[in-house]
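Derivation of every value follows stated rules applied to the coordinates shown; laboratory data play no part. Everything numeric here is computed off the predicted structure, so don't read it as measured data. So basically every Cβ, Gly included, is an ideal-geometry build from the backbone, and we count neighbours across all protein chains shown.
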């Protein structure tokens, strides 16, 4: 059928969720039905029908069936109505209709003397048909509830009933294997289908003229109603089939005594089987979308399978617990899952902590090698620099000094020899040369001593630097050895921990998913429990309202009787009633007033109790909501505590890293930074002294300059005037610039919008041209759609011809078979008769072959042509719909293009207007700027003249002072240069220290972030604890309010309703007594009157 508009019909808080009947043992269900459009299945139970949502497998509602056992269930074509047939065996049978969207019982038909075994409602919802052990098919009108037809044809119990897709026909099956098809109106027989040899356990309409059936004989069959022929027969279940149902997709589901449910396509071809693990199956049904299969067995088990793979998904209960009991059990599961989740998180955290520690150990090994490698490089560079810049020059200088000593020594020896060999006259000259050689030797020796001393000092420095470098190398070797031996161990540990982390993470994920699923179930059941309590209160209130209405009705009846009595009394009133009648009338009035007041008091008390019960329900809802909030708050607190623990551990680890990095930085600073800073401070003092000298010279120059004040003022004044004029010109230009830019922008915008308008126009014209093929395609699709039914008519006619041939061949085969069987029975030992029987048998075999050939080839081909023609119609319909959709989309696109073109034209017009307005604003501002620029030029010329005069006056006195200042600046410059050299060295060292500081800063930043995270996590824990405490307080208050409301209801019922009910009863008795007295008075009076007459 066609899917109804709007959402699929579902019961939403309109039916009870708590069972009406609970039993110690679950009994079999023989009734099951699925909504054609919604995820809803109905299953018959003990004096009730249970509705389940087939998507989430939760109870969707429970319908009471208090007068017996439901034997048959069917949804209407829209899925909104559910018809239930049943009753009590050999006692009562009926069918009732419920609106599942409103939870209302709409209609009950039938007063059979035995239980209804099969019932259904027509697609147009005009008729209900049912049958049972009395072998009758009854058809009722849903408008009046009257029985329209009582059909006598079946020879045994009626066990199956299904209306056709259009509601015109209804098929019924019986326990003897008979199937009959009837017109719903006027109830005439359309066809009788004979072929099954056992009870008919299921009927379904495949389409408007094909019926599928299954039987306890184990077969499934397809029947053509128009031709009254069997199209197909197959073995469905060995041992017998016990049920047949059809999904909206066309697939069929059967169940049988071989403990299987089987999914078939519409042609009776098996697609998949599903195994019942327990007892023999009773019923089975596919869901509306054929994605799941649901079946029941004779122990009362209800199984749900996945239709795609045949795997069991879940099991449903025919004897469900109350929502409160289910919620308690679900909450226990949540607690268990929460404990498991916490345990999994703790185990995962332990692994993560080990991973963090191992990575920190790895980083420490690498950092140690890196730092010591830098120490080796730096110490080697310092050693090489010391050797190259100091030791080698000192060695060269010492060698030169030693050579000079050797030379001087040789010269002195030569001079001594010359002095010894010199004549007396030459002695003074030789003596002088000797003394000169001695002096030269002494000077050379002094220079050598100085050079040797300097070299010894430098050699000591080199030795120390070498020692430092050797120590750095040794430390590096030790760090490298530790890294070489420790790194593989740590790497392996990390690999193992990574595997453990994956495993623990999977456990955490699984535990979290299980907890989420359990919590969702508990939340759903919490709401269901609240609704169940609300439904119970509503039912109680409705019952009390009914009782109140009954009391009011009785009171009104009593009032009517009293009024009638008064009228009769007035009509028969005689002069001799006197004081007795007046007194009795007063008592009647008093009893009436007492009864009226009691009725009013009872109604008020019951209304007040009903209002208080509504408060109880609201309080229960508040408690449920706040309990859910409490659970969420506790989960949030657990999460926050876990996060806080992790953050605090991380903060402690990062703080330790900061301390280690700071110590390394301080050690390096003591070796490299402190000496350079000492030199830099000394130069800084010298620079400061030179700066003082420069300042004094500058002061002297300022004193001279103050003497030239008037000239300076004149120059300053003219310069100020020039500056003011220049500022005015700049201001005018500033005012002009945005206006000029606005004009340029307006011109650009106008040009762009003109282009956009042209492009929009081009696009619109292109879209109009593009729409034409869509119009052509839509027209062609319309033509093909109109022509497509012709092929179907032709194929149907051909199929009819073939079916006639098949029927003729079947008749010929039956005739030949009967002749062959008769000849074979009569042949005996007569050879001639045996030969004749053999010929007849061959003829029967040939007739059977001809029948099979027609069925297998011609009839199958004709059916294929019908299916093909049907598909052509469907394809043409789809193509037409697609073409229409394309055309509608094209029209919409053209409309959008036209709207864009109109918008572009409007924007272009507005831009042109804006351009004209910008041009008008710019003209006066441009003129003002020109005038300001001319004035500024004139005043700048005056300022230049004044400044030239002032400069001429300054040259006579200023130059000497400037020369002194220049000298001071020269000294300062030399010192500053030295300071800069020192600063460069200090900068380089500081840069190196900054590089060394970066790991410290990075560690501090990480530690600060870790500390902030730890603080925030701790604050979050406190916040969550406060939230949990607040939620607990709210729950306590809500429970107290609920208990108070319940106590108030109970107290009001005891103190107000019960006394009022007793008062009403007493008043009613008193009124009846006074009325009886009044009636007796009238009788006595009439007797006296009669006696007098």
(request) Starting from the Cα gyration tensor of region 331-531, take the square roots of the eigenvalues, sort them a ≥ b ≥ c, and report rounded, prolate or oblate (rounded when a/c is under 1.5, otherwise prolate if a/b is larger than b/c, else oblate). (result) prolate
(request) Using the number of other C-beta atoms within 10 angstrom as an exposure proxy, rank 146, 5, 325 with the fewest first. (result) 5, 146, 325
(request) Please work out the C-alpha center-to-center distance from region 472-537 to region 800-824 and express it in whole Å. (result) 77 Å
(message) Could you tell me the center-to-center distance, by alpha carbons, between region 375-389 and region 261-309 in angstrom?
(response) 88 Å
(request) May I ask you to compute the full-extension gain from residue 380 to residue 406, defined as 0.36 nm times their residue separation minus their alpha-carbon distance, rounded to one decimal in nm? (result) 5.7 nm
(request) Determine, for each peptide in 128-134, 490-496, 79-85, the mean count of other beta carbons within 10 angstrom over its residues, then list the peptides with the highest first. (result) 128-134, 79-85, 490-496
(request) Mark the label point 7 Å from the Cα of residue 141 along Cα→Cβ and return the residues of region 115-133 whose backbone N is within less than 13 Å of it. (result) 126-128
(request) Sticking with the crude label model, points 7 Å out along Cα→Cβ, report the distance from residue 702 to residue 55 in nm, one decimal please. (result) 8.8 nm
(message) What FRET efficiency comes out for residue 833 versus residue 228 if R0 is 45 angstrom and r is the Cβ-Cβ distance? Round to the nearest 0.05.
(response) 0.75
(message) On the principal axes of its Cα set, how long, how wide and how thick is region 32-320? Give whole Å, largest value first.
(response) 47, 42, 32
(message) Please report the spacing between the Cα centers of region 743-767 and region 836-850 in Å, no decimals.
(response) 90 Å
(request) Please give the FRET efficiency for residue 357 paired with residue 995, using the beta carbon to beta carbon distance and R0 = 30 Å, rounded to the nearest 0.05. (result) 0.60
(message) Could you check the spin-label model distance between residue 691 and residue 22? Points 7 Å from the Cα along Cα→Cβ, value in nm.
(response) 9.5 nm
(request) Kindly state, as a whole number, the per residue volume in cubic angstrom of the convex hull around the alpha carbon atoms of region 235-304. (result) 68 Å³
(request) Take the Cβ-Cβ distance between residue 279 and residue 67 as r, set R0 to 22 Å, and report the resulting FRET efficiency rounded to the nearest 0.05. (result) 0.20
(request) Report the label-to-label distance for residue 349 and residue 751 in nanometres (one decimal), using points 7 Å from each Cα along the Cα→Cβ vector. (result) 6.8 nm
